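Input: a single structure, listed below in structure tokens.
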Amino acid sequence: MAKIELKPVGTNLLKSVSGECVELQSLWRDKPVVLFFLRRFGCQVCRWTAAEISKLEPDLTAHGIALVGIGPEETGLKEFKEGGFFKGDLYIDEKKQCYKDLGFKRYTALSVVPAALGKKIREVTTKAKAQGIQGNFTGDLLQSGGMLIVAKGGEKVLLHFVQDSPGDYVPLEDISKALDISANVQAGERPQCNDDVCTR
């Protein structure tokens, strides 16, 4: 992945859950930040990943690091919040400009159909359900996501992760390593996702 230039990406506008518009760069102005870009708020694997990342929240807070979740649309936000999947602040990238600028690809409609019917989707559903995590099909099924970790003041990008397949995510130890902190958390069993796309 090409090196990310923070300055142009930083001027992109996000909408907070309270409706206020902020520039992306405001999130790293005063402290380092972990930015988790979800595929969809209704995505079962995204919800599981959000819960995993949230295990780091106490350690992040103790080190003065912000934890932020960003979704590409408002669809499913209310249910996501009510489910308590994520312990950080939440924003919406309504124009999906951050997603474009950070290289988070879109899948094709053709690749969604076989995945929705595949065995691996049933496996994901079983594992996530075992943890009490449900999903739905509302919203944009084709968007992928990733993660961006930025040092305080936007001095540098500490981690830029782009999903290759929708089941990909950054292990908790890699997040801690990028931030040079130690965290005492136990990673959960990851739901497996289809190689092409996970519609859950």
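The values are calculated or read from the model by the stated rules, or taken from the named source; none is laboratory data. This structure is a prediction, so every number in the text was calculated from the model and none was measured. Positions of Cβ are generated from backbone atoms using ideal geometry, with glycine treated the same way; all protein chains shown enter the neighbour counts. Each accessible area value is taken on the protein alone, full model and side chains, heavy atoms only, with ligands, DNA and RNA left out. Shrake-Rupley method; radii C 1.70, N 1.55, O 1.52, S 1.80 Å.
The accessible surface of region 53-109, taken with every protein chain in place and a 1.4 Å probe, is 49 percent carbon and sulfur. Under a 5 Å amide H cut-off, with hydrogens placed 1.01 Å from N, A66 pairs with V33, V34 among residues at least 5 apart or on other chains.
Please work out how much length the chain gains when fully extended from K7 to E155, using 0.36 nm per residue of separation minus the C-alpha to C-alpha distance, in nm with one decimal.
Working: separation 148, 0.36 × 148 = 53.28 nm, distance 1.03 nm.
Value of the extension gain: 52.3 nm.
Placing pseudo-labels 7 Å out from each Cα toward the beta carbon at T61 and S26 gives an inter-label distance of 2.2 nm.
Taking each residue as 0.36 nm, the span from E173 to K78 lengthens on full extension beyond its C-alpha to C-alpha distance by 31.2 nm.
Taking each of K55/K100; K55/K78; K7/K31; K31/K105 in turn, the alpha-carbon distance tops 18 angstrom for K55/K100; K55/K78; K31/K105. Compared with the direct C-alpha span, the chain from E94 to S16 gains 27.0 nm at full extension, assuming 0.36 nm per residue. With the simple model of a label 7 Å out from the Cα in the direction of the Cβ, D180 to R106 spans 4.0 nm.
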